[in-house]
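See structure below.
The values are calculated or read from the model by the stated rules, or taken from the named source; none is laboratory data. It should be emphasised that the depicted structure is a prediction, and the values quoted were computed from it without experimental measurement. Neighbour counts are summed over all protein chains in view; Cβ atoms, including those assigned to glycine, are modelled from backbone coordinates with ideal geometry. Calculation scope for accessible area: heavy atoms of the full protein, side chains included, ligands and nucleic acids excluded. Shrake-Rupley method; radii C 1.70, N 1.55, O 1.52, S 1.80 Å.
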Amino acid sequence: MMHNSERLEEEQSFVGDIESLAGKIKVTLPTEPDEEKQPLLSNGDSLAAGMEAAPNELVGLEAVAPAADGSVQPSAPKVVVMKRLHLIDNMRTILIFLLVLQHSILETVAHIPGFSEQESPTHSLLLTIFLELTKNTVVGLLFFVSGFSSSFTMVARPHHPFLFAVSKTVKATILVAGYYLVTQYLQLLYGPWPEKERNTVVSFYALQKGNLYLLRGPMFYVILLLPLDYTYAIGKYVNLRFGNYSPFVTTTTRYNVAKYIPQLMLQIWTTLVAMGVLRPPPLIVPYLPYFHPEAHFPLQYLITYVAGVNFVSLYRFFLLEIPPQFSYTAFVVRIFLASSALFSLYRHFPSAMYELTGLTTAPKYALEDPGNPLGPLYGALSMLIFVILSTSCLQIFFVKSILKKDWGLLSRVAFLQPFIHMLFVMGFARHTTCIDNPIGKSVFVGLASALCGWSVAMLPVILWRSVRGLVKG
C-alpha cells in the first residue's frame with residue numbers, strides 16, 4: 001500500500017483539480033477569472049462561486065485560458081468540500097428522458113394499425129429524424145457520464161481499485177438479474193405476441209423479438225459498461241502502485257491531438273461499417289440488436305467513456321471552444337443543420353435510410369450493398385451529428401448554472417428509470433386510443449411513462465423519509 005502522502009501526490013497528478021482527504025473530496029480551484037473575459041461556470045457563472053454556495057457540487061471544472069505558449073498554468077488554489085456532482089446527475093436525467101422518448105416512439109408506432117413509412121411519410125420522416133439525432137448522441141453521452149462518474153467515485157471514495165471493481169460487479173449483477181426477471185414478467189403480461197405473416201404490415205417492435213430488444217437494452221448497457229470499468233480500475237491500480245502517470249493534455253496542441261485523432265478513427269470506423277465493408281464476427285451478431293447498434297458501435301462508446309474518465313484534463317480547453325453566452329444558440333443551430341442534412345438524405349435515399357434507421361423494421365447498422373453511395377455519406381453524417389451535438393450538450397451543462405443546481409430526487413433516482421419505464425411505455429402505447437396523430441401519441445406515451453417511472457422510483461424514498469421523520473418527531 002502507498003503512504004497517504006504518496007497517494008495524495010498521485011491523485012493530484014491524475015485528477016489535476018481534485019484532492020482526496022479523510023474520505024471527502026477537496027477540490028483545488030484556480031482563482032476567479034475576470035468575469036468580463038471569462039464568464040464561466042458559476043451560480044452566477046463561476047464554478048467556484050457555485051460550489052461555495054452549494055458545497056455538495058464539484059468545483060474544479062472551470063475553464064482556464066491557456067498561456068501564450070498554449071500551456072495551462074495553475075494559479076493559487078482554493079479548497080472546498082464536495083460530496084456530489086449535480087450537473088452529471090442532471091445530464092443523466094435528461095439523457096434518460098430522451099431514451100424514454102426513443103422507446104416510446106418505437107413502441108407507439110408499432111401499435112398503430114397499418115402504420116408504415118409509405119402510409120404516413122411525413123410523420124415517419126419527422127419521427128425518424130428525431131430518432132437519428134438521439135440515437136447518434138444519447139447512448140454515447142451516457143457512456144461519457146458513466147466514465148466521468150467512475151473517475152469521480154474513485155476519487156470521492158478513495159478505496160482500492162479492486163474494491164471499486166467488486167462494487168461495480170455486485171451492483172451490475174443485482175440490476176441485470178432483477179431486471180431480467182422483470183422482462184420475463186412483462187413478456188408474459190403482454191402476451192401472446194403476434195407473428196409476422198407474409199404480405200402483412202406488422203412493425204418489428206410489435207413482435208416478441210423486437211420488444212425484447214427494447215426491454216433488454218438497459219441490461220446490455222450495464223454488461224458493456226463492466227469491462228470498461230474493469231479496465232479503468234486496472235489502470236488506476238497501476239497508477240497508484242507505480243506512480244508513473246502524468247497527464248497528456250497539458251497544451252492546446254496536445255488537446256487537439258487528443259480530440260481529432262479519435263474523431264478520425266470514429267469517422268473511418270463508422271463509414272466502413274455503414275458501407276458494409278467492416279462486419280462484426282458472426283458469433284456476436286445475434287446479440288447486437290440488444291445494444292441498439294448504430295454504425296458507430298462500439299467505438300463511439302469506448303471513446304466517450306475514456307473522455308469522461310479523463311475530462312478533468314480536457315475541460316480547460318474544451319469549455320473555451322464556444323463562448324458560453326452563445327452555447328444555446330450554437331446548440332439550436334447545430335440541431336437545425338443536422339436535421340436538414342438528414343432530411344436531404346431521406347429525400348435522396350428514402351428506402352436505404354429507412355432500412356438503416358429501423359422505425360418499424362429490425363435495427364440495422366450497415367447497408368447490404370457496399371457499393372451504395374449512401375454508405376460513406378451516412379457514415380460521415382452520423383459521426384458529425386455525434387460530434388457537434390454531444391460537444392454542445394456538454395458545453396451547456398458545464399456552463400449554465402440552472403443545469404448545475406440540485407434537482408433533488410428527480411436526478412437521484414434517474415438511474416432506475418431505464419429499468420422501469422418500459423412497463424408503462426408498453427401499457428400506454430397499447431391502450432391510448434384518444435390520440436390519432438402518431439407524433440402526438442408518441443409524445444404523450446413518452447411523457448406519461450416518464451412521469452409514472454419517476455414516481456415509482458421516488459415513492460419508496462419519499463415514504464422512507466416520511467416514516468423516519470415521524471419516528472424522530
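Just a few scattered comments:
- A single entry from Arg468, Arg430 fulfils the requirement of being more than 24 Å from Arg92 (Cα to Cα) and either open to solvent by less than 20 Å² (accessible area, probe 1.4 Å) or modelled with pLDDT of 90 or more (or both): Arg430.
- Residues considered: Ala165, Ala177, Ala172. Of these, the only one that is of a type in the set (Gly, Ala, Ser) and touching a residue at least 60 places away in the same chain (Cβ under 8 Å) is Ala165.
- Odd one out for Gly440 among (1) surrounded by fewer than 20 Cβ atoms within 10 Å (Cβ to Cβ); (2) touching a helix residue (DSSP H, G or I) at 6+ places or on another chain (Cβ under 8 Å); (3) not basic (Lys, Arg): (2)
- All positions within the stretch 209-255 that are closer than 17 Å to Ser150 by Cβ and over 21 Å from the mean Cα position of the chain (by Cα): Ile234, Gly235, Lys236, Tyr237, Val238, Asn239, Leu240, Tyr245
- Residue selected from the stretch 264-297 under the condition under 14 Å from Leu381 (Cβ atoms) and in a helix (DSSP H, G or I), by the criterion farthest from the chain's Cα centre (by Cα): Met275
- The residues in the stretch 426-473 that are within 23 Å of the chain's Cα centre (by Cα), of a type in the set (S, T, N, Q) and farther than 20 Å from His123 by Cβ can be counted, and the count is 1.
- Residue list for the stretch 165-185, restricted to those being hydroxyl-bearing (Ser, Thr, Tyr) and more than 16 Å from Leu225 (Cβ to Cβ): Tyr180, Thr183, Tyr185
- Count of the stretch 428-457 residues which are part of a helix (DSSP H, G or I) and over 20 Å from Tyr190 (Cβ atoms): 9
- Residue tally, condition hydrophobic (A, V, I, L, M, F, W, C), part of a helix (DSSP H, G or I) and without any contact (Cβ under 8 Å) to a residue 40 or more places away in the chain, over the stretch 406-427: 1
- The residues listed here are Tyr179, Tyr185; of these, the one that is part of a helix (DSSP H, G or I) and either touching a strand residue (DSSP E or B) at 6+ places or on another chain (Cβ under 7 Å) or at pLDDT below 90 (or both) is Tyr185.
- Tallying residues that are without any contact (Cβ under 8 Å) to a residue 24 or more places away in the chain and hydroxyl-bearing (Ser, Thr, Tyr) within the stretch 229-272 yields 2.
This table checks each residue for (1) more than 25 Å from Phe148 (Cα to Cα); (2) touching a helix residue (DSSP H, G or I) at 6+ places or on another chain (Cβ under 8 Å); (3) open to solvent by 50 Å² or more (accessible area, probe 1.4 Å).
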| residue | (1), (2), (3) |
| --- | --- |
| Val257 | no, no, yes |
| Leu302 | no, yes, yes |
| Ala307 | no, yes, no |
| Arg316 | no, no, no |
| Leu320 | no, no, yes |
| Val332 | yes, no, yes |
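- Qualifying positions in the stretch 394-405 - part of a helix (DSSP H, G or I), open to solvent by 20 Å² or more (accessible area, probe 1.4 Å) and in contact (Cβ under 8 Å) with a residue 60 or more places away in the chain: Ser401, Leu403
- Exactly one residue out of Val222, Val238, Val249 is aliphatic (A, V, I, L, M), in contact with a Ser or Thr (Cβ under 6 Å, 6 or more places away or on another chain) and either surrounded by 17 or more Cβ atoms within 10 Å (Cβ to Cβ) or at pLDDT 80 or above (or both), and it is Val249.
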